[in-house]
Amino acid sequence: MDLKEVSQQFERFKAAFVKNDFDTCANLLSQLKVLLTKFRSLPPLFENTPNAVNELLLAREIYEHAVVLSVKIEDQDAFERDFFQLKPYYTDVGSRLPPSKQEYLILGLNLLRLLVQNRIAEFHTELELLSATALENPCIKHAVELEQSFMEGAYNRVLTARQTAPHETYVYFMDLLAKTVRDEIAGCSEKAYDYLSINDARQMLLFSSDQELLEYVKEEHPEWEVKNGSVIFQKAKESTPCKEIPSLQLINQTLSYARELERIV
Amino acid sequence: MAAAAATMVSSAGGLLAMLNESHPQLKYHALSNLISFVDQFWPEISTSVPIIESLYEDEEFGQHQRQLAALLVSKVFYYLGELNDSLSYALGAGPLFDVSEDSDYVHTLLSKAIDEYVSLRSKAAESSDESAKVDPRLEAIVERMLDKCIVDGKYQQATGIAIECRRLDKLEEAITRSDNVLRTLAYCVNASISFVYHREYRQEVLRLIVKVYEKLPSPDYWSICQGLMFLFEAESVANILEKLLRSERNEDALLAFQIAFDLVENEHQAFLLNVRDNLSAPKYPPSESVQPGSSNPPTAQNENSTASEDVQMTNESSAVHDADPKEVMYAERLTKIKGILSGETSIQLTLQFLFSHNKSDLLILKTIKQSVEMRNSVCHSATIYANAIMHAGTTVDTFLRDNMDWLSRATNWAKFSVTAGLGVIHRGHLQQGRSLMAPYLPQGGAGGGSPYSEGGALYALGLIHVNHGEGIKQFLRDSLCGTNVEVIQHGACLGLGLAALGTADEEIYDDIKNVLYTDSAVAGEAAGISMGLLLVGTASEKASEMLAYAHETQHEKIIRGLALGIALTVYGMEEEADTLIEQMTRDQDPILRYGGMYALALAYAGTANNKAIRQLLHFAVSDVSDDARRTAVLALGFILYSQPQLTPRIVSLLSESYNPHVRYGAALAVGISCAGTGLREAITLLEPLTSDVVDFVRQGALIAMAMVMVQINEASDSRVGTFRRQLEKIILGKHEDTMSKMGAILASGILDAGGRNVTIRLLSKRKHDKVTAVVGLAVFSQFWYWYPLIYFVSLSFSPTALIGLNYDLKVPKFEFLSLAKPSLFEYPKPTTVPTTTSAVKLPTAVLSTSAKAKARAKKEAEQKANAEKSTGAESSSAAGNTRKGKLPSEKDGEAMQVDSPPEKKSEPEPSCEILTNPARVVLAQEKFIRFFRDSRYVPVKSARSGFVLLRDLLPNEPEVLSLTDSPTSTSSPAGGSAAAAGQQSSSSAMASDDESQPP
């Protein structure tokens, strides 16, 4: 069991990867990861073995592929898992290794993922950790711009950004982002309107046909009612009754306390 | 390794992510790495705890991996401060939780685990049902810990934990496997007595200890017997004693005697009687020689009465020459040991010691007498009490006989006290007690004397025979039944109670009950107390009978007597008394609640039990009755006397209470628990109270202060001198009120108690409580209501002496060393300079006493010199260098004691002094006592005070005895003058010729 064996295995993985044989890939990857645990130079031990640099490089490449693979098989959990395992290679031993070409691409993917999952706080935490040069990189920049548009509410810009994606892998997340945007719009409409005509709702929610809209309503928001050519949000509002502050009663109480206090003193 | 240093992990995120991998090996890898980084990254890991928990619960996961997960979770919880969760997961970690690891985590969790285990075990033991099952994993951890302690040689920790966990099996293992079994055992005994609050369990521990002792290759009989005494197993003690007595070797017999003396010191009469009765009789028919011997008047005349038993022994052994010599020897020893166990031997020796070493200062009394106003009867009787206390047990009643006219002012109850005072003075004078009191005792039907002095005489008989009333019981019973006068009944009840203390004699109980049911206030009160004395520590059913009558009667006095009596019955019962205490403390009647406080105090006496303290503190601040509050505070003193240093701290706030009753209670609590210790904090606390604004608080504080300062002299604490001067000022002051004057008079009595050779002591040397002493102080504290009860304080006096005894139980000439400056422990200097202006009368008195003292001192010096010569001759060859080196200082010591003050200044004080058997050794001095290595006598057991049996290394040489002869030689001037004084006032009935004779 040594470096060579792992590289051979990795070669096989890459071959399968190119052929888009994802089942074999996942299988091989799992074996690879187990093999990697035997290397003592890898995180979190970082022992200074003779082959340390080579091992680290190999491991980094394996995990980079793992991340990309997870995007291809559209598995967000696996993405998160692999990314976190990859991260130490960038942050902790970055200074000892030649920089990876994939680094910014993957960091950008991660930012995008956070955006998609609406984890804005973590998004900004990650952003803070990046250097100024990294921010200039098109992959990162793309993600940052998306976030800005998203926050501004310029949803149309978010959706058009799909065309300017810097890498093919980004497309998966961009699709997901469209759905996130739609959810956001739906949430706002619910609050803002009592009802919308189907036509307006379709435009608002960026659907191309009424059919799509109706399906969306059925799946995501069964509490909405589609009636007389309009979408009624009333039901959802009723379900969260507004609690009125019993202000008059409170005022009365406070005044009586004050009066009684006066009497005691 | 610069690179390695640079590549420290910055986050546990990667590893945490790995936990979510599907491959088990990756999970394992992540876990084992996380364990090593948990100290650093626990905040990050804490968010993922649910995942790790689910790994732990995952059945498919390997056993080792699951335990690893548990350990990780446990550590995270530890860092989060969730010790309970942490412990439960650590238990899940099984063997991975390494008890020997030296980290905060392990230490914290171990102590948590042990605490948990202890509380579970004790809960299980108390509820006594098996449902409270202890987690076996927890048990395993504690056991591992115990094993580790034993392996590492930390035996004390192991025994401590084992005792707390109620794991007797482990305790035994820890003891037997320790390198020094004896020391571990001693530690164990100490720990179980002072830290195990649960009585039943303590007995179990002690039983185990005794068992281990017995298994040792050379059993330590002395320790076994001490242990057995805590368990009240008279039969086993008797067996051991018998074995020792039957041994061929004299040393074994000596050891048996020593054990007997130490048992006697604990004053448990019923137990001692039991041991005595369990000793089997010798195998040949001894009836002819022994029985006449034991009650043979001629033998008592042959020698001084002390030796009567020894003499009878020699007679007997010569008489039965045909019997088996072994049996003869056994019989001889048996008689001796019976003498010891009955307490007679020790009482007699003590009496001789107190008589021969009496150093009381009559001038103090004289000053008091003169300053006290004639008409003030309270101070008049206080002076009489003070005299009795000062001379307690010394048999010196010079003062009384010198002042017959003055005494005659005492009428009614004061007369009762005067007569009873004689009992205190003659305490322990068993042989002649009856004849001494004869003039005052009720004369069958004739009714000559006043009932007050007759009652007092019966009370006095009780005081003389306290705790050893075998001989006098019948007489007291007859007197009780033969009278209808309340005052005589009162005295007889008290006397009977004292004489039959703790025997629970049914017949006596019935007699006293009859008196109680006459519903007379005076007699009823005494009857109540007396019942309590009779049933001390028996937890008898009769307590409820007494309680019922207390509810029935109208007389407060009777209720009070009964309340105290009930309290006495539960003495030392601890938890077993809880129901009764509950019943009393919840009662409507404040007097019964007041009794409840006493019950708490006595049931938990000397245990320092937290629960009892808490309860008392609660009552001390919440009860509506001042009496109950006062008593609650006072009771703290009883509970804490085994740890006197705690008391001043606990009551310090109460001593500043606005309520004078609480302040009074605080003063007495300190006085009781710190008695005779001279504790600095105690004195500091009492000092401001002696000048309190309320008169009775001043009184209490003065008495308490005297109790604390008994036998402490000015050299060791200068405040003693200040206090003495304060007392004098109060006594002489024209404008002092009666209450504090009385307090001051009593205080000066207690301060110089028993001719300055006794102290107040509630614990024996082995930390066993002395029943009589505790009971004595408890009843004494009742003097608030009834002055004659002041005499009970004499029960708590124990002589501070080292008395060496040889095989014949006689006191041989024997010297030993006290490695401290003589001035630290010497008697306070006699007051010589009269301070009042009425000094015209005084000088003659001063001269006569000082001249006597000088003459006595000279004689002693001569005697000592002689003795020294003889001993010097005996061991001149063996003496060697050490002896010579010590000689000069030793001479200095002699000079110090004898010479007059001017010379004292010129010479530097020696750093040690030679004491001669029997010697006064005060408590603080004990740690300085050393025995000479080349001495002729070697102590059987290294004890530093009390009775010490000595092994004679030169058995064939003639012995020089000191104590039995000394009264005739050294004390003849004093005795003679007393007799002369007696003759001067011989017209009165007070003087009886026996008194001038040495006891």
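The values are calculated or read from the model by the stated rules, or taken from the named source; none is laboratory data. A quick note: this is a predicted structure, and the numbers were derived from the prediction, not measured. Here Cβ is always computed from backbone atoms with ideal geometry, including for glycine, and neighbour counts include all displayed protein chains.
Applying the set (1) out of contact with any Asp or Glu (no Cβ under 9 Å at 6 or more places or on another chain); (2) in a helix (DSSP H, G or I); (3) within 14 Å of another protein chain (Cβ to nearest Cβ) to B:Leu71 leaves exactly one unmet item: (3).
So which residues in segment A:33-57 are farther than 13 Å from B:His29 by Cβ and either facing chain B (nearest Cβ under 9 Å) or out of contact with any Leu (no Cβ under 7 Å at 6 or more places or on another chain) (or both)? Scanning segment A:33-57 gives A:Phe46, A:Glu47, A:Asn48, A:Thr49, A:Pro50, A:Ala52. Return the residues of segment A:84-105 that are away from chain B (no Cβ under 14 Å) and over 14 Å from A:Leu57 (Cα atoms); say none if nothing qualifies. Across segment A:84-105, the qualifying residues are A:Tyr104, A:Leu105. Answer with yes or no whether A:Leu42 is among the aliphatic types (A, V, I, L, M), assigned by the TED database to the domain that holds A:Val171, over 24 Å from A:Leu114 (Cβ atoms) and touching a helix residue (DSSP H, G or I) at 6+ places or on another chain (Cβ under 7 Å). Criteria met by A:Leu42.
The criterion of at least 1 residues that are free of Cβ contacts under 8 Å to residues at least 12 places away in the same chain is met, among helices (runs of 4 or more DSSP H) falling completely within segment B:425-486, by B:473-481. Could we say that B:Ser36 is within 14 Å of chain A (Cβ to nearest Cβ), assigned to a loop (DSSP other than H, G, I, E, B) and hydroxyl-bearing (Ser, Thr, Tyr) here? The answer is no for B:Ser36.
Being within 28 Å of B:Tyr201 (Cα to Cα) and of a type in the set (Asp, Glu) is a description that does not apply to B:Asp623. Residues of segment B:697-727 being more than 17 Å from B:Phe825 (Cα to Cα) and among the β-branched types (Val, Ile, Thr), which ones? Hits for segment B:697-727 are B:Val697, B:Ile703, B:Thr722. For the structure I just gave you, tell me whether B:Leu16 is within 14 Å of chain A (Cβ to nearest Cβ), closer than 26 Å to B:His107 by Cα, modelled with pLDDT under 85 and in a helix (DSSP H, G or I). So B:Leu16 fails the test.
Considering (1) β-branched (Val, Ile, Thr); (2) under 26 Å from A:Asp92 (Cα atoms); (3) surrounded by fewer than 21 Cβ atoms within 10 Å (Cβ to Cβ), the lone condition that A:Val18 does not fulfil carries the number (2). Scanning segment B:98-109 for residues that are assigned to a helix (DSSP H, G or I) and touching a helix residue (DSSP H, G or I) at 6+ places or on another chain (Cβ under 6 Å) yields B:Tyr105, B:Leu109.
Identify the residue in segment B:487-520 that is polar (S, T, N, Q) and outside any loop (DSSP other than H, G, I, E, B) and, among all such residues, is surrounded by the most Cβ atoms within 10 Å (Cβ to Cβ). The qualifying residue surrounded by the most Cβ atoms within 10 Å (Cβ to Cβ) is B:Gln489. Condition first: of a type in the set (Val, Ile, Thr) and under 30 Å from B:Leu953 (Cβ atoms). Can you find one or more residues in segment B:782-794 that meet it? No, segment B:782-794 has no match at all.
B:Ala612 meets all of the listed conditions (1) over 27 Å from B:Arg766 (Cβ atoms); (2) crowded, with 21+ Cβ neighbours inside 10 Å but one, namely (1).
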